[in-house]
Amino acid sequence: MGLLNALSWRYATKRMNGQKVPSEKVEPILESIRLSASSFGLQPYRVIVVDDPALKAKIHESACQQPQIVEASHLLVFASWKTITPEHIDSYISLVAKERNMPVEELAQFDGMLKDFLASRTQERLSAWATRQAYIGLGTGLIAAAMEQIDATPMEGFNTTEMDKVLGLDKTNLQSVAILALGYRDTANDYLVNQKKVRVSKEEFFIYNR
Ligand SMILES: Cc1cc2nc3c(=O)[nH]c(=O)nc-3n(C[C@H](O)[C@H](O)[C@H](O)COP(=O)(O)O)c2cc1C
């Protein structure tokens, strides 16, 4: 299926049928997310992969009991960094040097630029910035799922404080920001299954040369 057909086929699935998505379908979705662009390439978020029914049941309680949570095969929980420190930059610079087989000294300018970026922003602003990076991954995951013909629901409707406790994130530098539920649409029970996609027109949406 081509990209535009896949994007027309997909919708934010409200009911899923509980069928397991095989790992050969999940892996390319995960890898697409890992390959997502991020500002400076820092990837200031992680993705927690949940397929344990007991854990999904706990998450269900923190997510307004939305049925997709327990009917999905996998939940990908996007969790962004709460704080960003110079140590994060050091470890990123080391990774770039290692992956590109270059001396770390050659990255001194990049290192300085990243540390200046941190120093000129509050942690609150950096945390919001990290969350925006996580949403780019969420978008990539949605597209990848559609290309794999796997249904997916992007979800923000959950209590982040409770979710962080359930996943043990409250003791880490991560905070949950969004979920991507993966599974298969329940064609008998999902009221949205045959509904037309609603989007504003191209004329209204795109603004040329203003
Ligand atoms: C960031 C984000 C959060 C969302 N949260 C929820 C949610 O908690 N529950 C839900 O059923 N749908 C959720 N949605 C799905 C949207 O309602 C849906 O994407 C929108 O209505 C457009 O429809 P479509 O995705 O089916 O084309 C969310 C979508 C996004 C992008």
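Values quoted throughout were computed directly from the atomic coordinates according to the rules given, and no laboratory measurement underlies them. Small disclaimer: the values here were computed from a predicted structure and weren't measured. Note that we place each Cβ from the backbone using ideal geometry, even for glycine, and neighbour counts take in every protein chain shown.
When Y191, Y208 are checked against the criterion of being without any contact (Cβ under 8 Å) to a residue 12 or more places away in the chain and either more than 30 Å from I89 (Cβ to Cβ) or part of a strand (DSSP E or B) (or both), a single residue qualifies: Y208.
If the condition is being within 16 Å of L75 (Cα to Cα), within 10 Å of the ligand (Cβ to nearest atom) and touching a strand residue (DSSP E or B) at 6+ places or on another chain (Cβ under 8 Å), then segment 152-199 contributes A152, T153, P154, M155, E156, F158, V177, A178, I179, L180, A181.
Scanning segment 22-55 for residues that are of a type in the set (S, T, Y), in contact (Cβ under 8 Å) with a residue 60 or more places away in the chain and over 17 Å from L167 (Cβ atoms) turns up S32, S36, S38, S39. Scanning for something within 16 Å of the ligand (Cβ to nearest atom) and part of a loop (DSSP other than H, G, I, E, B), does segment 121-137 turn up at least one residue? No; the residues of segment 121-137 include none that is within 16 Å of the ligand (Cβ to nearest atom) and part of a loop (DSSP other than H, G, I, E, B). Scanning segment 43-85 for residues that are touching an Asp or Glu at 6+ places or on another chain (Cβ under 9 Å) and more than 25 Å from D186 (Cβ to Cβ) gives a single hit, A79. Residue count for segment 53-96 satisfying the condition of being at negative phi, within 14 Å of the ligand (Cβ to nearest atom) and not in a helix (DSSP H, G or I): 9.
Only one residue in G41, G2 is surrounded by fewer than 20 Cβ atoms within 10 Å (Cβ to Cβ) and either within 16 Å of the ligand (Cβ to nearest atom) or on the phi > 0 side of the Ramachandran plot (or both), so which one is that?
The unique qualifying residue is G41.
Annotation: of all residues in segment 5-23 being assigned to a loop (DSSP other than H, G, I, E, B) and within 15 Å of the ligand (Cβ to nearest atom), the one that is farthest from the chain's Cα centre (by Cα) is R15.
Whether any residue in segment 149-157 is acidic (D, E), over 24 Å from R185 (Cα atoms) and free of Cβ contacts under 8 Å to residues at least 24 places away in the same chain is what I want to check. No: zero hits.
Here is the figure for segment 97-132: residues that are touching a residue at least 60 places away in the same chain (Cβ under 8 Å) and at positive phi total 0. For A146, state whether it is over 19 Å from A63 (Cα atoms), surrounded by 21 or more Cβ atoms within 10 Å (Cβ to Cβ) and within 11 Å of the ligand (Cβ to nearest atom). The answer is yes for A146.
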